[in-house]
Ligand code: ATP
Ligand code: MG
């Protein structure tokens, strides 16, 4: 007799999880807190559909939040089902799936199937062209702001025809809707679309009664629809799902209203709250057992999120041990914080924890710099997820280019990078002419500019612009040696108009770029001179190009960490204004604050065993010391679940009380802490094979190989490491 066996992907589930997996017919909403197995349920459900032969991979539409998540889900399902290769998946992000549909039916919206998808820069350039053609003042209404308005309409599923002229308000002199229409027309002419269009066009096709056959085809095809992170869908995504789900009505969404963190990008938490009304007869399943985190971590996260009003409210419990309390630590400044986090990581590593299982989650990208510097200094492998490393960011590279030309005018590559950034009317043709002259004369680009300005061939306006530019560089160069280099950098960013360029920019990433630039200036103070700083950067950049370590700490933003989990999570920078972010509170008031709090909840709940929250009393921002107050979220952490230590010298008491104590405000007037004690500098040539050297965290060792500025060192504890020379010192004899 054949014994009915429960497949392994089902046997490990708890009863409500299993119910969610087996409720295949009709609409299902799994509404549950972090770490309760929502994503696991979706994965098991996918396996179940395939295993029971209910559907082929091509008949299931499964939406994940990132491409990486899609890939993981695919691998896990294949694994659960014994590794059989499967074809034709419709598993991916909203954008990826909508793009795939659109490739097929592009002609229905006036495109051909090989349409291009334009990026953010192209979008802005196009809007700008249209505005200029319409004589709209692009100073008053920056093209990026107009583009932002258009994108928000797209997020809402609104096409130009769905709007009336007044909907654009004052934007672009009242012409925003007209510009939107022109923008769409122009994209069509060049056979292109932007990201927002992927969904918008797909909706247009699916909604059009004239193409009812297309909708019918997708209805036939997609027997089952599943969506992860449903709380962060925007209206356009929601409309697309509703249209597709009308066929079989078998839609299963999972989400957590407490983790809705993309309101600023048009996500509507209302979508999840409205599910029952949208899909009558929906089965609502709640999961309450958290499998990810220990009791204290869960208690701390629940305590914080309880301060939000207007939430559904959920119970979460864990069978796991209470575990360690959440560590909360106040540090003197950002550098001490980075040092503290790195030490903690190294200690865990010594205990056998994997770096892959540790993450530092920051609120704002600029915070990464101090951690990157510290990790680099220690030779601690790390990876930045979701964006370039600090020194590779566009605005940082631009600023560095300015500094390089100041220090070394013949740096052609640097000059070329910023010659027309911000726009000075020095277009490609001008640059080509300058280069031609430079080549003919065998001189640098900078020298060519000087020569051509001295000659009589240039048009007066062009000459004036070029002379202003070289004049600026001369002036900045003259400041080297008699002005502090961070101040020189700050002044240069102002006088060149580079900072103003980003300040005028209304795109959502502009404020982050300004913060990064300020952080760059801040970080320069740690070096003795401009030259030393520039050398440091080039070494660091080179080190980054070397092989990626398999085991590395993850550095990413809180937003990017959604859905992920790590054994240990570090949450630095919990200071009011930084987190919660001042900008988000200023722009969105209580709503903004509540979204920040959800972000705190997301952050804490990423941790399995250890969560460490930290804040600094002083931050150096753009060369000035600023005193910080601990985040109100620190206050909201429930006492029984946290372990508070203040760094000695700050205060004996735990949290905020000491920040406004007289002793501390007294301390605030004390001059800022001295620059980080750097190890004795010896230039690469100063080291030789056989030298005895010391390193801050690896101790003493012997140089066994010298490769330029890189040293292979065998440390006395037996470990061998390759390090940049500036991070080690000759051991005292
Ligand atoms: P988030 O809200 O953060 O996205 P989630 O609800 O999607 O979390 P999962 O990531 O699916 O949660 O699960 C969290 C962890 O708990 C995972 O490591 C998962 O493997 C584990 N887990 C989930 N359900 C069970 C179970 N029934 N038995 C054992 N482990 C489980
Ligand atoms: Mg999940």
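Within segment 1-23, restricting attention to residues that are at pLDDT below 95 and not in a helix (DSSP H, G or I), the residue that is nearest to residue 273 (Cα to Cα) is 12. Of all residues in segment 51-70, those satisfying the criterion of being away from ligand 2 (no atom under 15 Å from the Cβ) and out of contact with any strand residue (DSSP E or B) (no Cβ under 8 Å at 6 or more places or on another chain) are 51, 52, 53, 56.
Candidates are the residues of segment 180-233 that are part of a helix (DSSP H, G or I) and within 16 Å of ligand 2 (Cβ to nearest atom); the one that is nearest to the chain's Cα centre (by Cα) is 232.
If you go through segment 239-261 and pick out every residue that is buried (at least 24 other Cβ atoms within 10 Å of the Cβ) and more than 16 Å from ligand 2 (Cβ to nearest atom), you end up with 2. Checked against the criterion of being under 30 Å from residue 305 (Cα atoms) and in a loop (DSSP other than H, G, I, E, B), the candidates 83, 53, 88, 35 yield just one match: 35. If you scan segment 563-599, which residues turn out to be within 16 Å of ligand 2 (Cβ to nearest atom) and crowded, with 20+ Cβ neighbours inside 10 Å? Residues satisfying the conditions are 566, 569, 598, 599. If the condition is being in contact (Cβ under 8 Å) with a residue 40 or more places away in the chain, more than 29 Å from residue 306 (Cα to Cα) and not in a strand (DSSP E or B), then segment 242-266 contributes 243, 244, 245, 249, 250.
Surrounded by 14 or more Cβ atoms within 10 Å (Cβ to Cβ) and closer than 30 Å to residue 271 by Cβ: does that describe residue 126? The answer is no for residue 126. Scan segment 81-89 and tell me whether some residue there is in contact with a helix residue (DSSP H, G or I) (Cβ under 7 Å, 6 or more places away or on another chain) and modelled with pLDDT of 90 or more. Among the residues of segment 81-89, not one is in contact with a helix residue (DSSP H, G or I) (Cβ under 7 Å, 6 or more places away or on another chain) and modelled with pLDDT of 90 or more, which makes the answer no. Of the strands (runs of 3 or more DSSP E) lying entirely inside segment 530-643, those containing at least 1 residues that are more than 18 Å from residue 34 (Cβ to Cβ) are 553-557, 607-621, 624-627. Which residues, counting only those in segment 689-714, are within 36 Å of the chain's Cα centre (by Cα) and assigned to a strand (DSSP E or B)? Answer for segment 689-714, where residues must be within 36 Å of the chain's Cα centre (by Cα) and assigned to a strand (DSSP E or B): 694, 695, 699, 707, 710, 711, 712, 713.
Applying a threshold of 7 Å to beta carbon distances and a minimum spacing of six or more residues, or different chains, the list of pairs starting in segment 32-52 at a residue that is within 20 Å of residue 295 (Cβ to Cβ) and in the same structural domain as residue 12 (by TED's automatic domain parsing) and ending at one that is part of a helix (DSSP H, G or I) and within 8 Å of ligand 2 (Cβ to nearest atom) reads 32/38. For segment 485-506, the tally of residues that are surrounded by fewer than 20 Cβ atoms within 10 Å (Cβ to Cβ) and in contact (Cβ under 8 Å) with a residue 12 or more places away in the chain stands at 9.
When residue 267 is tested against (1) in contact with a strand residue (DSSP E or B) (Cβ under 6 Å, 6 or more places away or on another chain); (2) farther than 22 Å from residue 68 by Cβ, only condition (2) is not met. Of everything listed in (1) out of contact with any helix residue (DSSP H, G or I) (no Cβ under 7 Å at 6 or more places or on another chain); (2) modelled with pLDDT of 95 or more, the single unmet condition for residue 253 is (1). For segment 44-66, the candidate set comprises residues that are surrounded by 24 or more Cβ atoms within 10 Å (Cβ to Cβ) and within 11 Å of ligand 1 (Cβ to nearest atom); within that set, the residue that is farthest from the chain's Cα centre (by Cα) is 44. Only residues that are buried (at least 16 other Cβ atoms within 10 Å of the Cβ) and under 27 Å from residue 293 (Cα atoms) were counted across segment 350-371, and they come to 15. Restricting attention to segment 267-296 and to residues that are assigned to a loop (DSSP other than H, G, I, E, B) and at pLDDT below 90, the residue that is farthest from ligand 1 (Cβ to nearest atom) turns out to be 274.
Among the residues of segment 383-398, is there at least one that is over 10 Å from the mean Cα position of the chain (by Cα) and free of Cβ contacts under 8 Å to residues at least 24 places away in the same chain?
We begin by selecting, within segment 383-398, every residue over 10 Å from the mean Cα position of the chain (by Cα); these are 383, 389-398.
Still in the list and also free of Cβ contacts under 8 Å to residues at least 24 places away in the same chain: 397.
Yes, there is a match, as at least one residue in segment 383-398 is over 10 Å from the mean Cα position of the chain (by Cα) and free of Cβ contacts under 8 Å to residues at least 24 places away in the same chain.
The values are calculated or read from the model by the stated rules, or taken from the named source; none is laboratory data. Owing to the predicted nature of the structure, the values given are computational and were not obtained by experimental measurement. Backbone-built Cβ (ideal geometry, glycine too); neighbour counts: all protein chains shown.
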